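Below is one structure, written out as structure tokens; the observations come after it.
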Amino acid sequence: MSTFLFDEFEGVSEKAWKQKIQVDLKGLDYNETLLWHTNEGITVKPFYSTEDQTHFNIQLSEEDFLICETIFVDDVNIANKLALDALKRGANAIEFIVDAAFEVDKLLDAIDLSSAIKIYFKFNFLDADFILQLSSSFTNSENVFLHNDSIGNLAKTGNWFTNLQSDYNALEKISHLHNCIAVNASIYQNAGASCTQQLAYALAHANEYLNHFNGAIANKIHFNFSVGSNYFFEIAKLRAFRILWNALVKEYGIENKEAIHIFTQPSLRNKTLYDYNVNMLRTTSESMSAVLGGANTVSNVSYDEIFHKSNEFGERISRNQLLVLKEESGFENAQHFANGSYYIESITQQLAENALEIFKQIEQGGGFLKQLKEGIIQRKIEESAQKEQELFDKGELVLLGTNKIQNAKDQMKNDLELFPFVKKRSEKTLIQPIIQKRLAEKLEQQRLEDE
């Protein structure tokens, strides 16, 4: 066929569609009836057209997304066996979460470090000498990601690892390494920040590092995001951040030759204790958003993450969810699928513009660290979280099996291996930490008492 099929049809303008809809509404107001105004100031229309196309040039990786297994390192021998097993069963990336220095050779034993496997180390401590030693174990350092985030630790715990000067001295000591700095934006999502806030705070958070290192570290920063259940908004969120980051580094005179690296996990904020199998549906949807949003790596969370210790069954299911997406659901090399979607492009633009305004306000107010120390960031996130909590409490924001269609026979009191609620801390903190909390906690605590 020499001519395009749709050339036979006459085009319809956005104005003509609106007129037709207005007739069908029979006197009801179009704006009041059909436009959805979200809590974060985004307007969602009932239809989109070519007039909404933005033609953003978003830098996305040309490589398919990686399936990552997250492993907490307590015993290096056990962690090594878990990593080898995960790689054998389909994972092609490993994230090790570590609380202290470890025997590097034992942890990495028999792992093919010369391959395309990517290894992430999420450090809950900061030891520059140990990190330098660890880095020397890798011949291909570009496949190693060192999650050092002093500002993220301050935001999450209320304290630096040591103090501001010592932490920054340690970061300077390792600043020549590939992928040596991480920005943990997951903190903000899991505490209840809106998509717009997450983007703005991640950008301002990273800008503190750029300010300190005069932009020289820009190509060594990678980002961790948590992905929630607002499917299209989460796709747009990740795409919007790439636009914002490229705009920011250009202000430092840096041209990003490669797309930034984004590591993602499903949110914990909407996960539930009761009817926990629904968590698998939530993590599947969230993983799909991450892939379509252009995430480089996805580390799924198991359906029983919040109340069970790590176990083979839960980890296998969570890993297989990603394998099914990649190998059976058409999500292989899907990072460009959202290109040209009028709806997603429109949301992307609005999120980016709104986040940029918040970012500018933060910088005019003295920067991210100053506003953290003054409690402004914490207060803004708490306000957003409270709005979301009120919607949940009213049943307008639904978590199936928890605040809607409860199974009264569901009993969980004797199945808790982990404490699934916010823990009260007694240690002294430099600033008020950002508290990560699930929406269902209060309701679940009441149900546990009533069992």
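Residue 138 versus (1) surrounded by 14 or more Cβ atoms within 10 Å (Cβ to Cβ); (2) modelled with pLDDT of 95 or more; (3) out of contact with any Asp or Glu (no Cβ under 7 Å at 6 or more places or on another chain); (4) not in a helix (DSSP H, G or I): which is the lone unmet condition?
(2)
Kindly indicate which of 110, 101 is touching a Phe, Trp or Tyr at 6+ places or on another chain (Cβ under 6 Å) and aliphatic (A, V, I, L, M).
101
Among the residues of the range 150-176, count how many are open to solvent by less than 30 Å² (accessible area, probe 1.4 Å), touching a residue at least 40 places away in the same chain (Cβ under 8 Å) and closer than 20 Å to residue 225 by Cβ.
Residues in the range 150-176 being open to solvent by less than 30 Å² (accessible area, probe 1.4 Å), touching a residue at least 40 places away in the same chain (Cβ under 8 Å) and closer than 20 Å to residue 225 by Cβ: 4 in total.
Please enumerate the residues belonging to the range 242-256 that are out of contact with any Phe, Trp or Tyr (no Cβ under 7 Å at 6 or more places or on another chain) and in contact (Cβ under 8 Å) with a residue 12 or more places away in the chain.
Correct list: 242, 244, 245, 246, 247, 248, 249, 252, 253, 254, 256.
Out of the residues in the range 107-128 that are outside any strand (DSSP E or B) and touching a residue at least 40 places away in the same chain (Cβ under 8 Å), which is least open to solvent (accessible area, probe 1.4 Å)?
128
Failed condition for residue 124, given (1) touching a Gly at 6+ places or on another chain (Cβ under 9 Å); (2) within 30 Å of residue 382 (Cβ to Cβ); (3) of a type outside the set (D, E, K, R), with all others met?
(1)
So which helices (runs of 4 or more DSSP H) stay within the range 337-451 end to end and still have 3 or more residues that are surrounded by fewer than 16 Cβ atoms within 10 Å (Cβ to Cβ) and either of a type in the set (Lys, Arg) or without any contact (Cβ under 8 Å) to a residue 60 or more places away in the chain (or both)?
The qualifying helices (runs of 4 or more DSSP H) are 342-364, 376-394, 441-450.
If we keep just the residues of the range 274-311 that are in contact with a Phe, Trp or Tyr (Cβ under 9 Å, 6 or more places away or on another chain) and among the β-branched types (Val, Ile, Thr), which is farthest from residue 224 (Cα to Cα)?
Restricting to residues being in contact with a Phe, Trp or Tyr (Cβ under 9 Å, 6 or more places away or on another chain) and among the β-branched types (Val, Ile, Thr), the top hit is 278.
Mind listing just one residue for me: the one in the range 273-324 that is of a type in the set (Asp, Glu) and over 21 Å from residue 74 (Cβ atoms) and, of those, surrounded by the most Cβ atoms within 10 Å (Cβ to Cβ)?
Once the filter is applied, the top-ranked residue is 286.
Could you tell me whether any residue of the range 288-309 is farther than 21 Å from residue 190 by Cα, assigned to a helix (DSSP H, G or I) and either within 19 Å of the chain's Cα centre (by Cα) or not aromatic (Phe, Trp, Tyr) (or both)?
So far as the range 288-309 goes, no, none of its residues is farther than 21 Å from residue 190 by Cα, assigned to a helix (DSSP H, G or I) and either within 19 Å of the chain's Cα centre (by Cα) or not aromatic (Phe, Trp, Tyr) (or both).
Only one of (1) modelled with pLDDT of 95 or more; (2) more than 23 Å from the chain's Cα centre (by Cα) is not met by residue 378, so which one is it?
(2)
Any chance you could count how many residues in the range 144-176 are under 18 Å from the mean Cα position of the chain (by Cα) and part of a strand (DSSP E or B)?
3
The values are calculated or read from the model by the stated rules, or taken from the named source; none is laboratory data. Everything quoted here is computed from the prediction, not taken from an experiment. Cβ coordinates were reconstructed from backbone atoms using ideal geometry, including for glycine residues, and neighbour counts include every protein chain displayed. What goes into the accessible areas is simple: the full protein's heavy atoms, side chains included, and nothing from ligands, DNA or RNA. Shrake-Rupley method; radii C 1.70, N 1.55, O 1.52, S 1.80 Å.
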